[in-house]
Amino acid sequence: MDILNLFKGKSVFITGHTGFKGAWLAFWLSELGANVTGYALEAEYENSLFDALGLSNKVNHIIGDIRDLNAVQTAMNKAEPDFVFHLAAQALLRRSYDDPLLTFSTNVMGAASVLEAVRNCPSVRSLVYITSDKCYFNKEWPWGYREDDELGGPDPYSGSKACAELVFQSYYLSYFQHRAAFGCGSTRAGNVIGGGDRSIDRIVPDIIRAAENGEAITLRSPDATRPWQHVMDPLYGYMVLAAQLYNNPQAINGEGWNFGPSSDSIRTVLDITKGLTMLWDNIEIKINRPKDAPHEANLLHLSIDKARSRLGWNPRYDFDLAVQETGAWYKHAMDGDDIVNLTRAQIDRFMSHA
Ligand SMILES: NC(=O)c1ccc[n+]([C@@H]2O[C@H](COP(=O)([O-])OP(=O)(O)OC[C@H]3O[C@@H](n4cnc5c(N)ncnc54)[C@H](O)[C@@H]3O)[C@@H](O)[C@H]2O)c1
């Protein structure tokens, strides 16, 4: 039996469902028959995936700030969730340089509020807490970071995600370790790509905006290497983890999990730009390396041996397939195709891809 059948009829609480990954996850879980409650700020961008998927009609849609404990607690207790997925965050590296306090308050105290709400919500049996691969202190090693490597970060975003990991660890050791019929895990994934991301300062949406407007695309760090993966791969990992925490919490409670691509998907910003721009005619690629650009790590990738061996999870899409599905999604969306059917078909294809 497919492990995802477990979600049918269950109550699931997702923070950050108006964002890129959260909208995919909320849609996917509602397709699986879960009763989804989403808690987040308003969708930030025009043509958001949240709107395109009609999620306000598919999930119990709550606008609220995760830093407001009373509001999170009230929403969570009302939903009586079996599962909680925490994705809400200030997720943009460059914005973290402009507004470090917003980043720390959201990603650290906001995350702490969600943990506190879970602590006081007895229905929750499984919590998946999303941080980032940037939580690891980046030593520019050529090998992958493992779950017990040192935490830390040179920029406010990375630092906030390292702090979020420490907050998780404290809650686990203080409150969740011995809670009956309950399991939790923190997850670290890398740069995800896929249809519907509209964020600023992320490479795929930047390329799509250039394609939509017939403009050139300018790359600041063409040689930076990233572990690109299709958004469905880590989301599938989060759901597999959630299900295993629900079914057998003691075996894996309180641990960290990396969900990255296999090592052949570690490619440069220029590679992904070339892969995506091939789908449109005549998009010019310009390189502009600013001298005073804020620090961005050159190399960071994850070891995924633990999730492979202990959860039986494996990335399904290689780099080419991830880029192909991402480009196809935007191309069909630009042609006016039905986004719900398009996204549903992509999920079906992913699930039938061994
Ligand atoms: N997209 C990536 O490549 C990537 C890579 C690694 C980790 N992550 C992590 O995955 C998670 C989801 O990322 P995403 O790409 O979907 O981000 P996103 O920016 O698209 O969405 C962020 C979501 O968080 C919500 N949010 C922000 N501040 C909030 C607040 N104060 N109160 C309530 N909600 C708030 C937003 O409303 C939105 O729903 C984040 O934790 C992010 O750090 C993302």
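Okay, here's what the table says:
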| quantity | calculated |
| --- | --- |
| Helix-derived mean residue ellipticity, 222 nm - over the chain, DSSP H n ≥ 4, -39500 (n - 2.57), to 500 | -11500 deg cm²/dmol |
| Amide H partners (placed H, <5 Å) of L127, local residues excluded | V84, G183, C184, G185 |
| Entries of K10/K58; K78/K161; K139/K161; K161/K274; K21/K291; K274/K331 with Cα pairs more than 25 Å apart | K78/K161; K161/K274; K21/K291 |
| Options F176, S186, L166, ranked by Cα towards positive dipole end of segment 164-209, top entry (Cβ charges) | F176 |
| W257 long-range amide H proximity, modeled H, under 5 Å | S186, T187, R188 |
| Cβ-placed point charges (K, R +1; D, E -1), dipole of the chain about Cα centre in debye, nearest 20 | 760 |
| Segment 252-327, relative contact order [Cα under 8 Å, separation at least 6], % | 59 |
| Segment 122-138 and segment 257-289: distance between their alpha carbon centers, rounded to Å | 27 |
| Segment 169-235-segment 142-158 distance, computed between alpha-carbon centres (Å) | 15 |
| All Cα pairs of the chain, percent lying beyond 39 Å | 8 |
| Segment 293-354 versus segment 17-52: alpha-carbon centroid distance in Å | 17 |
| Burial order of peptide ranges 310-317, 209-216, 344-351 (average beta-carbon count within 10 Å, highest first) | 310-317, 344-351, 209-216 |
| Within segment 100-163: Cβ-based charge dipole about Cα centre, in debye rounded to nearest 20 (Lys, Arg +1; Asp, Glu -1) | 260 |
| Principal axis dimensions, largest first and in whole angstrom, of segment 111-165 by Cα | 43, 21, 12 |
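Each reported figure results from applying straightforward, stated rules to the coordinates on display, with no laboratory input. Everything numeric here is computed off the predicted structure, so don't read it as measured data. Note: ideal-geometry Cβ built from the backbone for every residue, glycine included; neighbour counts use all protein chains shown.
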